[in-house]
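Engineer: What follows is a single structure, and I will ask about it in a moment.
FYI, it's all coordinate maths here, none of it is from the lab. Here the structure is a predicted model, which is why all the values come from computation and not from measurement. Positions of Cβ are generated from backbone atoms using ideal geometry, with glycine treated the same way; all protein chains shown enter the neighbour counts.
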Amino acid sequence: MNKKKVGIITYHFARNYGAVLQCYALRKYLEKAGYDAVVLNAVSRIQEKNNSVFHKKDGVKNVLVNAVLLPFVKQRLKKEKGFADFVENYIPHTEKVVNTEQLKALVDREQYCAIISGSDQVWNPHIFDFDEMFFFPFETKAKKIGYSVSIGDSSLDDIRAFSKYAKEFPCVGLREKGAREKVEAICEHSVVDTVDPVLLLTREDWESFVDKESVLSKEKYLLCYLIDKKPIKRNMEIAEQIAKAHGMKIKYIWMHLEKESFRSNFMNDASPVEFLNYMYYASAVLTDGYHGTVFSTIFNKPIYSVINNRQSTDSRIRDYLTQIGLEGRIFYGDALDIPQNRIDYAEVDSKIRTVADASKVFLKTAIEK
């Protein structure tokens with residue numbers, strides 16, 4: 001009996017740990033569930049340009065950017081290769097398509113029973129490399145499904161223009177509860193809360209990437225996985241305070257290359273597999289990132305989840321930690337409010353399994369009905 005074919009569109013091409021790992025997780029889970037799942041290799045021109053190690057020498061600004069980044073060339077090349085190798089080795093994907101017309105031709109030719117948009121911020125037009133392809137803006141016999149989609153901090157006005165496409169998705173799973181009203185408005189039907197795909201896999205699934213002979217196992221360190229650029233100085237001060245209190249070294253994975261990145265404890269070239277190893281062996285984690293938060297809970301780490309802007313409408317971290325009973329591990333960058341409460345991971349793991357199981361039911365029902 002032939003397996004049902006399912007296509008997935010998401011930010012698999014981004015050089016971002018969360019984006020690539022959530023893509024891997026959704027496809028892998030669908031494979032384990034008995035489907036012939038593949039990632040639709042939709043890559044916009046903007047994404048290709050963003051992933052380039054060197055900026056085109058088409059202006060004074062790009063020449064200056066290349067000069068500033070020159071000291072990091074070796075690290076950037078290693079990181080780029082690490083991401084490219086991960087996608088090539090662990091994420092089965094189609095030939096590349098760069099626009100809606102090519103995507104429609106691919107979907108029609110392969111005759112997928114379902115095509116899934118998600119997860120990650122695929123419905124957030126504020127993302128610089130957002131593309132309408134994430135809404136499958138064409139007619140097809142394939143069932144359109146939104147899985148754990150996120151709109152980030154977008155307003156209803158930001159996404160209203162895509163309502164004509166969203167209405168063609170009979171089943172939509174939403175990652176953030178705070179966006180429910182907005183997404184239901186453009187879909188014109190109710191949506192379901194679903195977990196990020198990384199939670200569809202077990203801790204043991206993720207441990208398959210861990211090097212059990214790693215030298216990291218002999219170190220006691222605080223892993224600081226930081227996304228935001230502006231509060232880096234403040235967050236580094238907080239990291240030093242936490243590390244000193246618990247007798248830990250500090251290792252940084254930061255999504256930017258600035259003067260701080262010259263420090264020896266900044267891991268500027270980590271691949272997705274190395275990221276998982278750094279996370280697995282950490283004694284504790286300080287992060288302002290959503291996936292940094294989620295992987296900390298998967299690996300049962302003492303987590304310090306800092307939200308840099310108290311007024312932010314991006315509720316991803318708050319929603320997730322509240323859902324699993326860890327809202328007490330959130331703080332807003334005040335050194336006096338660093339969380340001290342203990343974490344009962346037996347209870348947390350149970351809550352994660354409950355919400356993950358419900359999301360698995362949603363996926364199966366959406367594909368099969």
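Engineer: Would you kindly calculate the translational diffusion coefficient of the range 212-338, applying Stokes-Einstein with the Kirkwood radius from alpha carbon pairs, for 10 °C and a viscosity of 1.306 mPa s, and quote it in µm² s⁻¹ without decimals?
Structural biologist: Rounded to a whole number, D works out at 108 µm²/s.
Engineer: So how tilted is helix 17-32 from the main axis of the chain? Cα-based, degrees 0 to 90, rounded to 10.
Structural biologist: Relative to the chain, helix 17-32 is tipped by roughly 50 degrees.
Engineer: Using helices alone, I'd like the mean residue ellipticity at 222 nm for the chain: each DSSP H run of four-plus residues gives -39500 (n - 2.57), total over residue count, nearest 500.
Structural biologist: Counting only the DSSP helices, I get -12000 deg cm²/dmol.
Engineer: Mind running the shape call on the range 147-197? Use the C-alpha gyration tensor, a ≥ b ≥ c as the square roots of the eigenvalues: rounded below 1.5 for a/c, prolate if a/b tops b/c, oblate otherwise.
Structural biologist: oblate
Engineer: Under the definition of Cα pairs under 8 Å and six or more residues apart, what whole-number percent is the relative contact order of the chain?
Structural biologist: The normalised contact order for the chain reaches 16 percent.
Engineer: Still on this model: Where the only charges are on Cβ atoms (+1 Lys, Arg; -1 Asp, Glu), what is the dipole of the chain about its Cα centre, to the nearest 20 debye?
Structural biologist: Its charge dipole is roughly 520 debye.
Engineer: Once Lys and Arg get +1 and Asp and Glu get -1 on their Cβ, which of Thr354, Pro339, Ser264 lies farthest toward the positive end of the dipole of the chain?
Structural biologist: Of Thr354, Pro339, Ser264, it is Ser264.
Engineer: Let me ask another. What are the extents of the Cα atoms of the range 1-50 along their three principal axes, in Å, largest first?
Structural biologist: Largest first, the range 1-50 extends 42, 19, 8 Å along its Cα principal axes.
Engineer: When a/c reaches 1.5 or more, the comparison of a/b and b/c decides; with that in mind, is the range 88-128 rounded, prolate or oblate per its Cα gyration tensor?
Structural biologist: It comes out prolate by the Cα gyration axes.
Engineer: Report the Cα centroid-to-centroid distance between the range 97-111 and the range 216-288 in angstrom, as an integer.
Structural biologist: The distance from the Cα centre of the range 97-111 to that of the range 216-288 comes to 41 Å.
Engineer: Near Leu276, within a Cβ-to-Cβ distance under 12 Å, what is the net charge of the other residues, with Lys and Arg +1 and Asp and Glu -1?
Structural biologist: Net of charged neighbours comes to -3.
Engineer: I need the phi-derived Karplus couplings for the range 91-105: 6.51 cos²θ - 1.76 cosθ + 1.60, θ = phi - 60°, integer Hz, Gly and Pro marked x.
Structural biologist: Taking θ as phi minus 60°, the curve returns 10, x, 8, 7, 5, 6, 10, 10, 8, 4, 4, 5, 5, 4, 4 Hz for the range 91-105.
Engineer: Also: Once you have all Cα-Cα distances for the chain, histogram them in 20 Å bins from zero and send the whole-percent values.
Structural biologist: Computed distribution, short to long bins: 28, 59, 12, 0.
Engineer: Which of rounded, prolate, oblate describes the range 100-187, given a ≥ b ≥ c as roots of the alpha-carbon gyration tensor eigenvalues and a/c under 1.5 marking rounded, otherwise prolate only if a/b is larger than b/c?
Structural biologist: Prolate shape, in that a/c is at least 1.5 and a/b is the bigger ratio.
Engineer: Here is the link list: Lys49/Lys167; Lys104/Lys167; Lys28/Lys74; Lys220/Lys351. Which ones come out longer than 21 Å on Cα distance?
Structural biologist: Lys49/Lys167; Lys28/Lys74; Lys220/Lys351
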